[in-house]
Every structure is written in structure tokens, then in C-alpha cells.
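One structure below.
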Amino acid sequence: MGELVEFQPIRRRPKPLWRESLGEVLRAERLEQERILTEVAAEAGVSPQYLSEIERGRKEPSSEILGAVTEALGLELHDVVRRVGAALETRHEAARRETERREFLELARSVSPAPRGGTELAPPQGGAYLLAA
């Protein structure tokens, strides 16, 4: 009979949250403008603590608060939404490539003996894999 090969479940990283990417975009813009948190918070009509929590991705602001913060930064809401979408897409692609790489390595390790000399298997450049039996 054939050999029984046990497959371990692959741990997947949680997908990034909208509020985390939103906070990163807002903080990056504020820092690019060389403005301090208290200044932007005062102009937006929110507490510095609340704006800090938004920037750190811990709070998800209402549409009114988000509008006030983007206005305080001199941004249009649609520009912020576009930037957040692009950031999420970039993170998603990176996570997908990492998952594929891990799955390939796990499969390669499970079906072939370890190479001599302790060399670790690595996927080829370009993200394409060829598995031969």
C-alpha cells in the first residue's frame, strides 16, 4: 500500500481591515503635510485621542467624522477611498503570493525527500510553479 502523508492546515493571515488601511492613509497624509495630530484634530473637531485611534486602525470613524478629517487634511473623500482601496489591493496581492509560496513549499516538502546538504526548496522567480510526478 501507499504511504500516508499528513497535511497540516496552513495558517492564513487575517485580511487587513478597512479601518487599518484608512488609518495608515490618513496618518501618511498628515505626516507628509508635516502637521501634528492636535492641529488636524482641532481643525476636524475631534479629540486628538480619537484621531490617534483612527490613525492606528483601532476606531472606524463615522462618515461625518471621516469627512471632517479629510477636509482638515485638504483631501477629497473619493481620493482617500481610492488610496485605501489601492493599499488594500497591494496588501491582498502580497498576502496571496506569500500563501502560494507557503503552500508550494509545504507540498514540496511532503512529497519529496529533504535535499542533501540542508538546502531549502524555494519557488522559482516569477511566481509560476511546475510540479512533476
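Each reported figure results from applying straightforward, stated rules to the coordinates on display, with no laboratory input. In this text the structure is predicted, and so the values were computed from the model without any measurement. Neighbour counts are summed over all protein chains in view; Cβ atoms, including those assigned to glycine, are modelled from backbone coordinates with ideal geometry.
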Next item on the list: With θ set to phi - 60°, apply the Karplus curve 6.51 cos²θ - 1.76 cosθ + 1.60 along the range 26-43 and write out the HN-Hα couplings as whole Hz, x wherever there is a Gly or Pro.
Entry: 5, 5, 4, 5, 4, 5, 4, 7, 6, 10, 8, 4, 5, 5, 5, 4, 4, 5
Checklist line | For the range 18-112: Kirkwood Rh in Å [reciprocal of mean 1/r, alpha carbons] | finding: 14.8
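So which GluC sites (Glu not before Pro) in the range 32-63 are both in a DSSP loop and have at most 14 other Cβ atoms within 10 Å of their Cβ?
On the way: sites: Glu32, Glu34, Glu39, Glu43, Glu53, Glu55; in loops: Glu34.
Hits after loop and neighbour filter: Glu34.
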